[in-house]
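Remarks on the structure that follows.
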Amino acid sequence: MPSPIRFYFDFVSAYSYIAMNRIDKVAARYGRIVDWNVVELPEILSYHKATSPRDQPAKFAHNQKDFPRLCKINGLPVNFPPEVPPYGATLHRLAFLRLKKKNTALAKRFALAVDHHYFGLGKEVRTARQLRSACKLFDLDISVREIKAAENDKLAHKALKRSFNQAIGDGMFGAPFMVCDGHTYWGADRLDHLEYDLKRKIKVPKGYKPFPLLSNFTERNGPLFHRVRNGVITFGFRVDARHLNPREVVHGGWLTSFVDVAMAKTAMFQIGRDGVAPTIHLETDFIGPIKAGQWVECQANLVNRTTSMNFVEGVVSADGTPVARCSAIFKVPYNLRKQ
């Protein structure tokens, strides 16, 4: 099983608010889990003799515009919080660690609730009662007594120290900070870099390698893979959450896009040409559902051709079971026709 992604955050970090709302979704697409670790960001900065962005006028002025913009891009509510940052967030951290010891999922929801209250709604969350109010808005039944108990929870205090030491060992210098398979990523925007790397670690059958198709659409939904064996080319992809419709099966639009690429490229491979052949006609009959985690292949064949047209048929299978059949006509550009 792939190793977890270590995720370091702090309640005083605005950009952690964005990453907290995205990282589990990104990881789930590729079969990864996320180990959330809260740290004292001021202590991390102090260790590196670094200053807070709030103490750097130019950077802070930039962040005041950049942070709301990034929240809106990610569909998150954002309101400028009170003037003084929640540097008295020790209770937040200890409460998170106390909850994590009992229930990881509950601890994550607590963290999301607190930062939603502060960075999303712009409301203060310093006291146990304020933290309790933040939880109630997230339908979390965490009592004031339970939150206050974290102040004297020795195990939570030890866990906070361990988080700091582990973060320093991982090279953390700012928040949010992620570690995956020995690679580090800093900042909410670097989740895109993390996902880029995760795509290229997708488990595929032996002999398959990424197919170098320069297409923004395919890059966002891929990668696609291909294998050449005994003169036959086969295309495939691994299903993840990006490919699913509301019924939790592969969206027909994506499957059609996949077979379009697979059949067009198979035909060009079989005529010994490499290039883009525009689609004239495409039909896909859906035989069965395709679910998350399955390996999908398209085996196609050039059944006829003219000087300017390729006629192709194909079958799509998921983990070896046929799930679709397809046919298409592709126009071969003049410069790719056999002279």
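A few notes on this one:
- One residue from L244, L282 being in contact with a Cys (Cβ under 9 Å, 6 or more places away or on another chain) and either at pLDDT below 95 or surrounded by 15 or more Cβ atoms within 10 Å (Cβ to Cβ) (or both): L282
- When each of S163, S143 is tested for being among the hydroxyl-bearing types (S, T, Y) and either more than 24 Å from the chain's Cα centre (by Cα) or surrounded by fewer than 19 Cβ atoms within 10 Å (Cβ to Cβ) (or both), the lone residue that passes is S143.
- Residue that is modelled with pLDDT under 95, farther than 28 Å from V78 by Cα and not aliphatic (A, V, I, L, M), where the choices are K161, K209: K209
- Put simply, of G253, G288, G236 the only residue that is under 26 Å from Y30 (Cα atoms) and buried (at least 18 other Cβ atoms within 10 Å of the Cβ) is G236.
- One residue alone among N301, N310 is in contact (Cβ under 8 Å) with a residue 12 or more places away in the chain and in contact with a helix residue (DSSP H, G or I) (Cβ under 6 Å, 6 or more places away or on another chain), and that residue is N310.
- Residue match in region 320-337 (condition: under 21 Å from P210 (Cα atoms) and of a type in the set (D, E, K, R)): no
- Among the residues making up region 16-44, those that are in a helix (DSSP H, G or I), surrounded by fewer than 23 Cβ atoms within 10 Å (Cβ to Cβ) and of a type outside the set (A, V, I, L, M, F, W, C) are D24, K25, R29, P42, E43.
- Selection of region 173-230 for residues being farther than 29 Å from C71 by Cα and among the small types (G, A, S) yields only G207.
- Failed item in (1) assigned to a helix (DSSP H, G or I); (2) touching a residue at least 60 places away in the same chain (Cβ under 8 Å), with A113 passing the rest: (2)
- Selected residue [buried (at least 20 other Cβ atoms within 10 Å of the Cβ), charged (D, E, K, R) and farther than 15 Å from V39 by Cβ] from R126, R98: R98
- Checked against the criteria, G293 counts as touching a residue at least 60 places away in the same chain (Cβ under 8 Å), under 29 Å from the mean Cα position of the chain (by Cα) and on the phi > 0 side of the Ramachandran plot.
- Enumeration of residues in region 239-265 that are part of a helix (DSSP H, G or I), of a type in the set (A, V, I, L, M, F, W, C) and in contact with a strand residue (DSSP E or B) (Cβ under 8 Å, 6 or more places away or on another chain): L255, F258, V259, V261, A262, M263, A264
- Extreme residue, farthest from R29 (Cα to Cα), among residues of region 146-159 that are buried (at least 19 other Cβ atoms within 10 Å of the Cβ) and of a type outside the set (V, I, T): A150
- Test for D260: is it among the acidic types (D, E) and more than 14 Å from V323 (Cβ to Cβ): yes
- Residue match in region 267-285 (condition: within 26 Å of the chain's Cα centre (by Cα) and either part of a helix (DSSP H, G or I) or free of Cβ contacts under 8 Å to residues at least 60 places away in the same chain (or both)): no
- Given (1) basic (K, R); (2) free of Cβ contacts under 8 Å to residues at least 24 places away in the same chain; (3) within 26 Å of V332 (Cα to Cα), index of the condition R190 fails: (3)
- The residue list R93, R126 contains one member that is assigned by TED's automatic domain parsing to the domain that holds I33 and either within 25 Å of the chain's Cα centre (by Cα) or not in a loop (DSSP other than H, G, I, E, B) (or both), which is R93.
- Considering the conditions (1) of a type outside the set (D, E, K, R); (2) under 29 Å from Y196 (Cβ atoms); (3) touching a Ser or Thr at 6+ places or on another chain (Cβ under 9 Å), P42 is excluded by exactly one of them, (2).
The values are calculated or read from the model by the stated rules, or taken from the named source; none is laboratory data. Since the model is a prediction, treat every value here as computed from it, not as a measurement. Heads up, the Cβs are rebuilt from the backbone with ideal geometry, glycines too, and the neighbour counts pull from every protein chain shown.
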